[in-house]
Amino acid sequence: AIANNDKVGMILFSDQIEKFIPPKKGRQHILRIIRELITFRPQSNGTDISQALRYFSNVIKRRCTAFLLSDFFSPTPYADALKIAASKHDLVALRLVDRREEHLADLGLMKLYDPESTETLWVDTGSANVRRVVDARAEQQAEQTARTMQRYGIDMATLHTGEDFVKPLRTLLKKRS
């Protein structure tokens, strides 16, 4: 962005718009965005991708390339807002995933906490059936997200937490060029 003198902006969201930094050029602006990313603490634990996409579509009038970073777990449907945003802008989805959520490990009885719903649940991860169900749901959600992105012509890469993100990003960017 600095080398190309591109404008860069950012919307941080939960189930509300937490922070909006309008697109600008320059090294100082990029450093401000990085600083905000490092120090940001959301006010809410919820997720509303639809609201963020609607806000983005309304506030950014000129066509741009936008990266949507999310795990794409959202209690509210977002396909309509995604369709509108993708028709106005070049949208790229970066799906962030923790491998522990894709494949449940056999760790016995575990207490799981959902920060979005604030619910606590005891799960017997020692049960092969429980692990099969959780893994199948994770796979189903990943496939649904991929189909949704494909339907609206949105390129997508999956990035795993704690792992190198350069290779999947490089593959995505190569595919796009």
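The values are calculated or read from the model by the stated rules, or taken from the named source; none is laboratory data. All values reported here derive from a predicted model rather than from experimental measurement. For neighbour counting, all protein chains shown are included, and Cβ atoms are generated from backbone atoms with ideal geometry for every residue, glycine included. Protein only, heavy atoms only, side chains kept; ligands, DNA and RNA dropped before computing areas. Shrake-Rupley method; radii C 1.70, N 1.55, O 1.52, S 1.80 Å.
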- Of the conditions (1) in contact (Cβ under 8 Å) with a residue 60 or more places away in the chain; (2) more than 18 Å from the chain's Cα centre (by Cα), the single one that residue 92 does not satisfy is (2)
- Task: Go through segment 148-164 and count every residue that is open to solvent by 80 Å² or more (accessible area, probe 1.4 Å) and either closer than 16 Å to residue 78 by Cα or in contact with a helix residue (DSSP H, G or I) (Cβ under 7 Å, 6 or more places away or on another chain) (or both).
- Result: 2
- State which residue is nearest to residue 62 (Cα to Cα) when the search covers only segment 74-85 and only residues that are among the small types (Gly, Ala, Ser) and open to solvent by less than 20 Å² (accessible area, probe 1.4 Å). 85
- Message: Testing residue 118 on (1) modelled with pLDDT of 95 or more; (2) open to solvent by 50 Å² or more (accessible area, probe 1.4 Å); (3) of a type in the set (Ser, Thr, Tyr), one condition comes back false. Which one is that?
- Response: (1)
- In segment 1-50, the residues that are under 17 Å from residue 67 (Cα atoms), out of contact with any strand residue (DSSP E or B) (no Cβ under 7 Å at 6 or more places or on another chain), touching a residue at least 12 places away in the same chain (Cβ under 8 Å) and assigned to a helix (DSSP H, G or I): 37, 50
- Message: Can you say whether residue 163 is within 18 Å of residue 50 (Cβ to Cβ) and among the acidic types (Asp, Glu), as far as the supplied structure shows?
- Response: no
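Could you say whether any residue in segment 137-147 is without any contact (Cβ under 8 Å) to a residue 12 or more places away in the chain, open to solvent by 60 Å² or more (accessible area, probe 1.4 Å) and more than 21 Å from residue 82 (Cα to Cα)?
yes
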- Task: Run residue 167 past the list (1) in contact with a helix residue (DSSP H, G or I) (Cβ under 8 Å, 6 or more places away or on another chain); (2) open to solvent by 80 Å² or more (accessible area, probe 1.4 Å) and report the number of the one that doesn't hold.
- Result: (1)
